[in-house]
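Just so it is clear, none of the values below were taken in a lab; they were calculated from the coordinates. All values reported here derive from a predicted model rather than from experimental measurement. With ideal geometry, Cβ positions are generated from the backbone for all residues, glycine too; neighbour counts draw on all protein chains shown.
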Amino acid sequence: MTRPPDSETSAADESTAVAVADSLREWLLASLAASEAGGDQRQARAEELIDRGVREEQVRRTRGGQTVLDAATERAVRIRLRQDLSPLGPMTGVLTSRQWSDVEVNGAVHMICTERAGGRRHRFASPFRGDGEAFEWAAVQAAAQGRRFDEANPSVRVRLPGGTRLHAIAHVTGRVHLSCRLSSPSLTTLDALRAAGMLGPDVAAVLTATARMRDPCGLIISGATAAGKTTLLRAVLNAHPDPIVLDRIVTVEDEAELFLDENRFVNLVAFEAREPNLDGRGAYPMERFLTADLRRLTPDRVALGELKPDGGVMPLLLALGQGVARGVATTIHAPSAADVVTRIRTYAAFDPGSRRVADSVVLDTVAATVDLVVQVARIGSRRVVTSLLEVAGRSERGLLAGQLWRWNPNAGRATRTSVEASDRLGAKLAAAGLDPNILARERTSPVPAGRGQQRSPAGR
């Protein structure tokens, strides 16, 4: 197995670079600690010490009759020493690369990296020399966030510097396993997603209109893990028409992923759930925030990172139904758009905030607050929108829903169906500036959700 490709070190003698870096590491850390430098001065002092250490190594090799380090190996030594000084340590290179979307480390055995662009997986050598080193790295990352990772707490989730989400587990598994989901810094707009082939111009226009609506609007983005739900949600929020957004936008997440630009969203409230500290105190879950705080923040729009069984489904929907905010956008794990309503009903039944709300109330609330369900999926190496379904109202048999866009394998994207949007949705979108021709189709009556819908590839 090899290490992840690096243009600066690909020609280096890796074993020599590792040995030299190991021999200099303890001296470097001790010398830097003794200097008591901080901030930019610490970084400058570190570079001075690295230069000095490498020069002295070259002198030692020359005097001892050994082969001096070539340029590539010398660069590799410097990179390894810089990584030792980084908060991410030996994971610095792979976690700061824009090439990967996911990185999975299995102790000291191997590391699996998933391409951000193509979705292909590659196997590399683990950056850790033993399971103990991998465990210690995760424990340090957890401690930096006030969390504990040890035998009594064998699983931990934290956000690393740069926005990467880390899940670590040990003791209850055969070895230490690290799962890292890297942030996606470039795909932040609908135009960028359109250019990447995730959606066509018509679907992009509809989603742009939802971001411009002044009328109440509810949007749910559904799909499997790593299908691009949060990426699409972020892009929809960024489609707000104002260059400086004064609307009160409230984002509610278990783990922060949306990272809206606070220089643009100047009235942003970004809530991230807090788990118990080392003493088991201080927890502040999403359900509590949605129940106790959301209404008092007088939001214009709410973005919930993910609907979960324990994530305050009914407090959110009821708050929106009572006019707390003009709009809501959220994500949910579901195999198809037609299955979303079933998931919400199931989640509400397990939701501690629902207090045994009748199923009919759940359906009435969804019908009143949700307008569109967007399904995303991985097809081949692409993340794509496969379906756009309207929740058009309520009937005795359940919710009325019409699939407005459906995956078309010949076109390589979701295309318009013969189902016409309801007058309610059409009026909202038109008021937000959507070209009526995008929705104009031969009228077909909506059908109960989950019936008569052709499944997209994600639901097969």
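Ranked by Cβ crowding within 10 angstrom, fewest neighbours first, how are H167, H240, H110 ordered?
Ordered by Cβ neighbours within 10 Å, fewest first: H110, H167, H240.
Pop a pseudo-label 7 angstrom from the Cα along the beta-carbon direction at both A34 and R382 and give the gap in nm to one decimal.
About 6.0 nm, to one decimal.
Hey, quick one: spin label on N277, modelled 7 Å out along Cα-Cβ, who in the range 155-179 has an amide N within reach, i.e. under 19 Å?
157-159
Roughly speaking, what is the stretch gain from S179 to R60, that is 0.36 nm per residue apart minus the C-alpha to C-alpha distance, in nm to one decimal?
Gain on stretching S179 to R60: 38.8 nm.
Which of the three applies to the range 164-226, rounded, prolate or oblate, going by the alpha-carbon gyration tensor with a ≥ b ≥ c and a/c under 1.5 meaning rounded?
Taking the square roots of the gyration eigenvalues as a ≥ b ≥ c, the range 164-226 is prolate.
List every residue whose amide H lies under 5 Å from the amide H of L404, counting only residues 5 or more places away in sequence or on a different chain, with H placed 1.01 Å from N in the peptide plane.
Hits under the 5 Å cutoff: L388, L389, E390.
Report the per residue volume, in Å³, of the convex hull enclosing the C-alpha atoms of the chain.
Cα convex hull per residue, to the nearest whole number: 173 Å³.
Set the Förster distance to 56 Å, then compute FRET efficiency between E26 and T342 from the Cβ-Cβ distance, nearest 0.05.
0.45
With r as the distance between the Cβ atoms of S15 and V266 and R0 = 56 Å, compute the FRET efficiency 1/(1 + (r/R0)^6) and round to 0.05.
Working from the Cβ atoms, E equals 0.60.
Need the C-alpha centroid separation for the range 278-300 versus the range 189-215, integer Å.
Here the answer is 31 Å between Cα centres.
Would you kindly give the portion of the calculated P(r) for the range 86-183 that falls above 19 Å, as a percent of all Cα pairs?
Distances greater than 19 Å cover 35 percent of the Cα pairs.
Mind computing the radius of gyration and Dmax over the alpha-carbon atoms of the range 258-303? Å is fine for both.
Answer for the range 258-303, Rg first and Dmax second: 12.8, 37 Å.
For E48 and L246, calculate 0.36 nm times their separation in residues minus their Cα-Cα distance, and state this gained length in nm to one decimal.
66.6 nm
To the nearest µm²/s, what D does Stokes-Einstein give for the range 201-267 at 4 °C and 1.567 mPa s, using the Kirkwood radius over alpha carbon pairs as Rh?
99 µm²/s
Would you work out the charge dipole size for the chain about its Cα centre, treating the Cβ of every Lys and Arg as +1 and the Cβ of every Asp and Glu as -1, and quote it to the nearest 20 debye?
I would put it at about 1140 debye.
For N410 and A71, what is the calculated FRET efficiency with R₀ set at 45 Å and r taken between the beta-carbons, to the nearest 0.05?
For N410 and A71, the calculated efficiency is 0.30.
Highest mean first, how do 367-379, 384-396, 282-294, 427-439 rank when packing is the count of other Cβ atoms within 10 Å averaged over residues?
Ranked by mean Cβ neighbours within 10 Å, highest first: 367-379, 384-396, 282-294, 427-439.
Can you give the extra length, in nm with one decimal, that the chain gains between A292 and D435 once fully stretched, where that is 0.36 nm per residue apart less the Cα-Cα distance?
Extra length available between A292 and D435 comes to 47.5 nm.
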